[in-house]
Every structure is written in structure tokens, then in C-alpha cells.
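None of the figures in this text is laboratory data; all of them are computed from the coordinates on show. Computed from a predicted model, the values in this text were never measured in an experiment. Positions of Cβ are backbone-derived with ideal geometry, glycine not excepted, and every protein chain shown enters the neighbour counts.
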Amino acid sequence: MNAYIREVLDGLKARAPWETEFLQAAEEVLESIAPLIEKDPKYKAQRILERIVEPERSIQFRVPWMNDKGDYVVNRGYRVQFNSAIGPYKGGIRFHPKVTLSTLKFLGFEQTFKNSLTGLPMGGGKGGSDFDPNGKSDNEIMRFCQSFMNELYRHIGPDTDVPAGDIGVGGREVGYMFGQYKKLQNEFTGVYTGKGITFGGSLIRPEATGFGAVYFAEEMFKLKGEKLEGKTISLSGFGNVAWGAAIKATELGAKVVTVSGPDGYVYDPDGINTPEKHKYLEEMLIIDRNKVENYVKKFPNAKFFAGKRPWEQKVDIAMPCAIQNELSGEDAQALLKNGLQACVEVSNMGCTPEAWKLFIEKKIPFAPGKAANAGGVATSGLEMSQNSMRLAWSAEEVDKRLHDIMIIIHNACVNTAKQFGFEGNYVVGGNIAGFKKVADAMIAQGLV
């Protein structure tokens, strides 16, 4: 490993060895940009690596709220404003009991380079809380979101920081938070994305991450002279991301055969490929977001595998869509034995290092999340544009712009990897392309 990179990583580990997710993300990015660091000494001279791995601001606050029984409850809230070199901070809000500062630092760090790859003027940030929305009533969700915003509103704004949804935060939660922000600030601005269509939201936004990942996969196969049509796909998760991916994959002639949840996974040999099945994925989240088994009750030809992950099935493409580190080295070996042709990481850091390094070693095209899942934040950027112009584009217009952005991201990854002698390596290509734009902007703006 490059000595300068090792020095920076050692410093991070010495300061906060418990931040395992963040350290994993930092190591992946910094290792892969070594060719750029060695080629251009200005990044070391300007100490860019030390600066770029430190958030510009990390905010932690208490979130007191009252449940339906009248009991007082206190959660922790966070916003990590990682980097604003190329635009206002942009990144989602995650509500999940396992949310920590380490989780949000890793997500904000990844978001910085992901947003850079879109070509849109957006910096990187991430926020959330250890609040668990599962099993909570609408009124409890509303009271929590309002209390959360009572502090967060001080730190965000349409030209400062524009949050969105993430795990545990959908249209309902965004609506409650946006409403409270509007009340506190007495202004209607595009401070949130993922809003409802009736108050400034963009068409295609809920589906965008899944749509974009499938568009990216399509470009990967085009590069090999193949089509997506006829390929079988294994998805994990069954939320908005997997739902969007299933819809777009079906449109392009591919066949999705799995979705998963905390309880296990479902294998549908007929394919998750009809409007009825796609609609039911949405309904399942409302019924019980922790239970994917309900799918087989509705479609009995499918099989449920309790406590297992979907990567044991024979498929052409694996697309982890749920959470970080959900596809292990052992899972990767199983997929390779079954003839895997590509892995498209849709969740943030969905594959462990052992998994994605094995794919690259075996010459299996592997798309990292910061490139493949950028369709969600790209469409959030399009929502920001629509809000600023007081316009609402058609679904066809948004989808076309999303498609164009994903082609641009794919080409940037491919061309940059080739330029540095790593042809076919999407990790090196994506990380260098995303990093270089941010780093050059930081240098241009001085030591701030």
C-alpha cells in the first residue's frame, strides 16, 4: 500500500478504532485511488486525504418524544455534514435501531463521491437516528419526526444541506419532517427531497435507486456485447430499492427471482415480474417490514427460505439492495460456483471486502454502490432542480434524465479505470473519478 495512504488510514484507526464501518469505507476508497495519488503529488502536498476523511461537521442531539401510552422516550439524532466542496450537503436520513455515528460517517463519506459521480452540484452528508419505526403508530412517527426536526432545522436549508429518505424513512416520514421545517422556518423551499407529489416531490423518485442500478447493469452488459434481456437476477431486500429494481428489470426483459427480509428470502421461479407482484412488494412493507414470508402466502408457487440469504440461488446477476456487508466472501464463492456473470452493489457497501475483491480477482464485473446506486440521489438532484424552477417534469422526462446520468456514471468509471491501467475495474474507476472532482474543488477553495 502507498505509504501516504497507509499513514492516513493508521491515523484514522488510532483515533477511532471502534468506527468499523467508516474505517472499512475509507480503506476501500483510499486504497483504490493510489494510482492517482502516486501520479499527482499535489494531493499529498495539500494533505487532501487527511482533510477529505474528516467530516466538516458532525452534529449529535437528543430527540425527546411521547409515545401513545403517554411515556417519555429519548433517542439520539445525528447529521454528518461531510463535504460541501462541490455543492450543498446532500444525503438521506436513516431511522434504524443500529444507527451510530460510525454508520453515518461511512454513509456520508460514500455519499460525497457518489454525488460527485452524478455530475450534479451536490456535496455529501448523511443523518438519522437510532429510532425504530417498526411497530409505531402514525401519530408516534409524526411526534418523533417533529421532535427530530425541532433540532435538525437549525443545520439544513436549500443552499446548505438537503436531506432525503433512507432506510426507515419514506414518504410519510419525509412529509412529517418537511411540514415541521416549513412551520419552524415559515418558508416553503426545497429543503427535502423524496417529498410527496402534492408538495414538490418528483415523479420516479421512489423507484429511482432501483431504476438507476438496473440501467447501470444494462450498460455493463452492453460493454460485453450482451443484453440484459433474458438474464436472471437475485435481489435482496424488499423495500423501495428492490421494488424499483424489479420493475425496471422486468421492463428490460430480465427476470428477478428473489427478494429478502430479516426473516429470510423468497425464491419465485416464475419471476417477480407482474404489476400485481410489484404492487404487493409495496403492500408488504405496510403489513410488516420485517417479514418477507408474506409473499409466499400471496403467491404460493414461490418458496420461502427462513434465516437464509438469497445468494445460494443460481442467477446471472446478484444485486444486494438491503444494507451494508450483506454479501460475504462465502456468498460470493457460492455465486461464482453457480455461474455468476456480474454483481451490482445497490445497497451502500453491500459487499464485504472479501466478496468484491473475489469478484474482481475472478474477472467478474463488479459495480460498487457509489456508482450503481447513484440513481436515487441523482433523481433527488433533479427534484431540487424542479423545486428551484417551480416546475414539475413528467415521469418520462425524469426517467430519461436518470437514464442519461447513469450512462455518464458508467462511462466515467470505465474510462477512468482504463486511463489508470485498471481496465474493467469499476471500483478503481468510480473512486478515482468521484474523488478527483471533489479533491480538485477543495484545492481550488483553499485551506478551509
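Tabulated values for the structure
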{"read-out": "Cα-based shape type of region 3-188, given that a ≥ b ≥ c are square roots of the gyration tensor eigenvalues and the cut on a/c is 1.5", "value": "prolate"}
{"read-out": "Charge dipole (region 208-364, unit charges on Cβ, about Cα centre) - positive-most of A245, T274, L336", "value": "L336"}
{"read-out": "Inter-part distance where region 248-262 and region 55-94 are each reduced to a Cα centre, Å", "value": "33 Å"}
{"read-out": "Listed peptides 186-195, 371-380 by packing density, highest first (mean Cβ within 10 Å)", "value": "371-380, 186-195"}
{"read-out": "Calculated FRET efficiency for the pair E229/Q60, C-beta based, R₀ 45 Å, to 0.05", "value": "0.40"}
{"read-out": "Point-charge dipole on Cβ atoms (K/R +1, D/E -1) for region 338-397, about Cα centre, debye to 20", "value": "200 debye"}
{"read-out": "DSSP-defined antiparallel bridges as percent of all bridges, the chain, nearest 5", "value": "60 percent"}
{"read-out": "Over 22 Å between alpha carbons, listed pairs K231/K363; K13/K105; K90/K182; K303/K363", "value": "K303/K363"}
{"read-out": "Overall form of the chain per C-alpha gyration tensor (a/c, 1.5; a/b vs b/c)", "value": "rounded"}
{"read-out": "Spatial separation of Cα centroids for region 327-381 and region 210-242, in angstrom", "value": "12 Å"}
{"read-out": "Violating pairs (Cα-Cα greater than 29 angstrom) within the set K337/K436; K114/K297; K98/K195", "value": "K337/K436; K114/K297"}
{"read-out": "Student exercise, the chain dipole from Lys, Arg, Asp, Glu Cβ charges, in Debye to nearest 20", "value": "360 debye"}
{"read-out": "Residue-averaged [θ]222 nm for the chain, counting only DSSP H segments that reach four residues, each worth -39500 (n - 2.57)", "value": "-15000 deg cm²/dmol"}
{"read-out": "Residue (of Q60, F113, S129) at the positive-pole extreme of region 59-135, dipole from beta-carbon charges", "value": "F113"}
{"read-out": "Overall form of region 165-304 per C-alpha gyration tensor (a/c, 1.5; a/b vs b/c)", "value": "oblate"}
{"read-out": "Whole-angstrom gap from region 392-448 to region 151-172, using each part's C-alpha centre", "value": "24 Å"}
{"read-out": "Given charges at beta-carbon only (K, R positive; D, E negative), |dipole| of region 208-364 in Debye", "value": "220 debye"}
{"read-out": "Distance between modelled label sites at R154 and D288, nm, 7 Å Cα→Cβ extension", "value": "4.1 nm"}
